[in-house]
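Please treat every number below as a calculation from the coordinates, not as lab data. The shown structure was predicted, so the numbers you read here are calculated from the model rather than taken from an experiment. Note that we place each Cβ from the backbone using ideal geometry, even for glycine, and neighbour counts take in every protein chain shown.
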Amino acid sequence: MKTAITEMFGIEHPIIQGGMHFVGFAEMAAAVSNAGGLGIITGLSLKTPEDLANEIAKCRDMTDKPFGVNITFLPTLNPPDYPAIVKVIIDGGVKAVETAGRNPAQVLPHLKDAGIKVIHKCTSVRHSLKAQDIGCDAVSVDGFECGGHPGEDDVPNMILLPRAADELDIPFVSSGGQADGRSLVASLAMGAQGMNMGTRFIATKEAPVHENVKQAIVAASELDTRLVMRSLRNTERVLTNDAVERLIEKEKMLGDKLKFEDIIEEVAGVYPRIMLEGDMDAGAWSCGMVAGLINDIPTCKELIDRIMTEADQIINQRLAGFVKGTVNA
Ligand SMILES: Cc1cc2nc3c(=O)[nH]c(=O)nc-3n(C[C@H](O)[C@H](O)[C@H](O)COP(=O)(O)O)c2cc1C
């Protein structure tokens, strides 16, 4: 399948693995890229820019296909050393960057000068238009269903994707709630040029996370995620667990008076304990509603091949059948 996204990033299939904290290491990115998608290393999961440089080198040893790096701009008083991160990305010869969080204007000129394609993840049409205005090459349109930070507008992809298609000139991929061939065909139908997946890629053989995390996703239904930190305007969709229920109780009790310090135990520094040690009640971790569509733990290649085969069948049999007037199930 050829789309503006496969051409832009030099990949075989229009499928991207979004940056994921303590998941998007070299093993994850290389497995997705080797399967013909675009794998992404999560820049901020590495302690220092030097560690990120080593991770990029490691990924390059594991795949000769294109892969990218995610740079997330966090609302924090002590920002990471973004200029140094950008430098190791450029020096490492990476050709794709996924930005997320705040507006990436501060890093964009450097990335563009180095010939890097930048896809910015946005949860609204207005942010997508802003990304287009400042010169991003593409956007990842992240609907309310998504694992992680869905923003504060709560617009699901059934509305957000066609709205993006109506307004944008640059190509975009769907993000949030995508899992299979049906997701891909629906995304293309709504104007996207491909899709981005997070949660689905965690439940794969190569994802470098504890087996408990993969099993928790397979066991979860679409009813098992919760939104937390809304009153801090930092809403996050997470899988429910004891820590999340405790966090929600605190939110109910404190209302608008809630401060980050009140929930620090449930949210700060919990990713290594969950992702690496498999301590599933350690705290709040991002997970999409799409968990309800995830029932197995394939390799990345099995997953992507299955998606492409399914998409082909839907387009050429089911949909073509409707057009030809064949009644099909
Ligand atoms: C465990 C986890 C960690 C994530 N960490 C990040 C991150 O550090 N930076 C980022 O831009 N997006 C992050 N995301 C969001 C994903 O890149 C992607 O946009 C999202 O998962 C899409 O929704 P889906 O999970 O329904 O596929 C994370 C998602 C998950 C599930």
field: Calculated P(r) tail over 19 Å for the range 53-104, as whole % of Cα pairs
entry: 29 percent
task: Could you run the Karplus curve 6.51 cos²θ - 1.76 cosθ + 1.60 with θ = phi - 60° over the range 170-186 and give me ³J(HN,Hα) per residue in whole Hz, x for Gly and Pro?
output: 7, x, 9, 10, 6, 8, x, x, 8, 9, 8, x, 4, 4, 5, 5, 4
query: So what is the relative contact order for the chain, in percent, with contacts set as C-alpha pairs under 8 Å and at least six apart?
result: 17 percent
field: Volume of the Cα convex hull of the chain, divided per residue and given in Å³
entry: 129 Å³
query: Which ³J(HN,Hα) values, rounded to whole Hz and listed in residue order, are derived for the range 228-244 from phi using the Karplus coefficients 6.51, -1.76 and 1.60 in 6.51 cos²θ - 1.76 cosθ + 1.60 with θ = phi - 60°, glycine and proline given as x?
result: 10, 6, 4, 5, 8, 6, 9, 3, 9, 8, 10, 7, 5, 6, 4, 5, 5
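Summing +1 for each Lys or Arg and -1 for each Asp or Glu, what net charge is found among the other residues whose Cβ lies under 9 Å from the Cβ of Lys121?
-2
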message: With only alpha-carbon pairs counted, each pair once and no self-pairs, how large is the Kirkwood hydrodynamic radius of the range 10-142 in angstroms?
response: 14.5 Å
- prompt: Which of Lys121/Lys250; Lys214/Lys252; Lys47/Lys87; Lys47/Lys214; Lys65/Lys130; Lys87/Lys112 have a Cα-Cα distance over 22 Å?
  reply: Lys121/Lys250; Lys214/Lys252; Lys47/Lys214; Lys65/Lys130
query: Could you list, bin by bin from short to long, the percent of Cα-Cα pairs of the range 196-329 in 5 Å steps?
result: 2, 10, 16, 17, 14, 11, 9, 6, 5, 4, 3, 1, 0
statement: For Ser231, the net charge from surrounding residues (Cβ-Cβ under 10 Å; K, R +1; D, E -1) works out to +2
